[in-house]
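Input: a single structure, listed below in structure tokens.
The values are calculated or read from the model by the stated rules, or taken from the named source; none is laboratory data. What you see is a predicted model; the values in this text were computed from it and never measured. Here the Cβ positions follow ideal geometry from the backbone for every residue, glycine too, while neighbour counts run over all protein chains shown. Each accessible area value is taken on the protein alone, full model and side chains, heavy atoms only, with ligands, DNA and RNA left out. Shrake-Rupley method; radii C 1.70, N 1.55, O 1.52, S 1.80 Å.
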Amino acid sequence: MTDVSTPTPGTRALVLGGGGVAGIAWELGVLAALQEAGVDLDAADLVVGSSAGSVVGTFVRAGAVADAYAQQHTPLPSTYEEPPVIASEDFQARLEQVLAGARDDQDARARLGAVAQRSTGGQTDEERIATFEQTLPGTAWPAKPLGVTAIDATDGTFRVLTAESGVPLPRAVAASCSVPLVWTPVAIDGVPHIDGGLRSATNADVADGYERVLVIACGPEGPSPLGPSLDVAVESLRAGGSSVETVVADSASQHAFGSNSLALSTQAPSAEQGHRQGSTIAEQVAAFWA
């Protein structure tokens with residue numbers, strides 16, 4: 001976890017969590033509803049996204065949330081290939097087996113990265129990068145600060161990629177979305193990287209030092225050997241003086257995600273539920289953000 005520092009008055013951070021194809025659609029629904037209520041989320045001094053959130057963050061910074069939300073109902077042609085379904089119980093069992101005996105969270109991430117490097121299937125990293133080039137609103141990093149989280153699969157180092165990292169944006173986002181055991185890692189400067197949302201689905205502690213932090217999470221986070229849960233990160237942020245508002249997908253939204261959050265069929269129902277939930281909390285969020 002990052003060191004606690006005194007928040008800078010007037011600074012705001014928007015944190016967008018992971019959640020697959022369904023999570024992208026749901027977050028866009030939430031944000032579209034907030035923007036319709038007059039909430040200017042692009043005014044954030046920092047937008048940080050993990051996995052699905054890294055995709056959504058690019059739309060926020062491009063001022064393209066409304067268009068992206070509409071596309072969840074009528075998706076554009078894409079080279080995206082749905083991966084084979086992995087039962088959540090099987091995925092969890094494999095995780096527990098891989099992580100048993102890890103010395104600390106970085107070692108746990110390195111163990112997972114090692115397994116991910118041996119897992120091959122579906123699209124190559126270059127093919128997935130090409131898909132993100134089609135999906136994102138642009139291939140250049142935005143002018144305003146955007147952070148994209150990823151994990152070095154060789155040693156478990158957690159990274160927050162930015163424009164200053166020198167990594168092309170589609171490659172950074174593809175790395176952040178590279179779910180281990182589902183897709184092969186994505187190379188950054190020749191080093192394989194995996195999904196930043198495995199450390200934490202939100203990585204809210206990246207917003208340490210910001211006065212107001214708005215977190216959009218596709219579900220609750222339990223304790224994990226890979227990194228801090230949302231509750232732990234929020235507690236630390238508040239202890240450091242930050243005000244934190246969290247929006248977590250409610251039961252109806254999570255139901256819309258279905259049993260496979262990577263399926264394209266989840267887009268429309270998840271977007272609709274996100275918009276519904278966003279509308280119900282828009283006034284509260286607007287007061288917090290103003």
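A compact table of results
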{"quantity": "Matching option when the condition is of a type in the set (G, A, S), open to solvent by 20 Å² or more (accessible area, probe 1.4 Å) and either out of contact with any strand residue (DSSP E or B) (no Cβ under 9 Å at 6 or more places or on another chain) or closer than 29 Å to S265 by Cα (or both), among A43, A33, A37, A22", "calculated": "A37"}
{"quantity": "Residues satisfying the stated conditions in region 100-111, i.e. open to solvent by less than 70 Å² (accessible area, probe 1.4 Å), farther than 19 Å from V173 by Cα and in contact (Cβ under 8 Å) with a residue 12 or more places away in the chain", "calculated": "A102, D105, D107, A108, A110"}
{"quantity": "Residue check, L198 touching a residue at least 40 places away in the same chain (Cβ under 8 Å), crowded, with 19+ Cβ neighbours inside 10 Å, closer than 23 Å to V21 by Cβ and of a type outside the set (F, W, Y)", "calculated": "yes"}
{"quantity": "Given (1) under 18 Å from R61 (Cα atoms); (2) in contact (Cβ under 8 Å) with a residue 60 or more places away in the chain; (3) surrounded by fewer than 22 Cβ atoms within 10 Å (Cβ to Cβ); (4) among the β-branched types (V, I, T), number of the condition V182 does not satisfy", "calculated": "(1)"}
{"quantity": "Helices (runs of 4 or more DSSP H) wholly inside region 1-110 that include at least 2 residues being among the acidic types (D, E)", "calculated": "20-36, 88-99"}
{"quantity": "Members of region 213-252 found to be surrounded by 17 or more Cβ atoms within 10 Å (Cβ to Cβ), outside any strand (DSSP E or B), of a type in the set (G, A, S) and touching a strand residue (DSSP E or B) at 6+ places or on another chain (Cβ under 9 Å), listed by number", "calculated": "G219, A233, S242, A249"}
{"quantity": "Residue list for region 26-49, restricted to those being among the hydrophobic types (A, V, I, L, M, F, W, C) and closer than 21 Å to T280 by Cα", "calculated": "W26, L28, V30, L31, A32, A33, L34, A37, V39, L41"}
{"quantity": "Pairs with Cβ under 6 Å, 6+ apart, first in region 262-290 and closer than 17 Å to A68 by Cα, second of a type in the set (S, T, N, Q) and assigned to a helix (DSSP H, G or I)", "calculated": "Q273/S253"}
{"quantity": "Filter result for G122 (open to solvent by 20 Å² or more (accessible area, probe 1.4 Å), of a type outside the set (A, V, I, L, M), at pLDDT below 95 and in a loop (DSSP other than H, G, I, E, B))", "calculated": "yes"}
{"quantity": "Given (1) open to solvent by less than 50 Å² (accessible area, probe 1.4 Å); (2) farther than 23 Å from V206 by Cβ, index of the condition E133 fails", "calculated": "(1)"}
{"quantity": "Subset of region 203-212 (residues that are surrounded by 24 or more Cβ atoms within 10 Å (Cβ to Cβ) and part of a loop (DSSP other than H, G, I, E, B))", "calculated": "N203"}
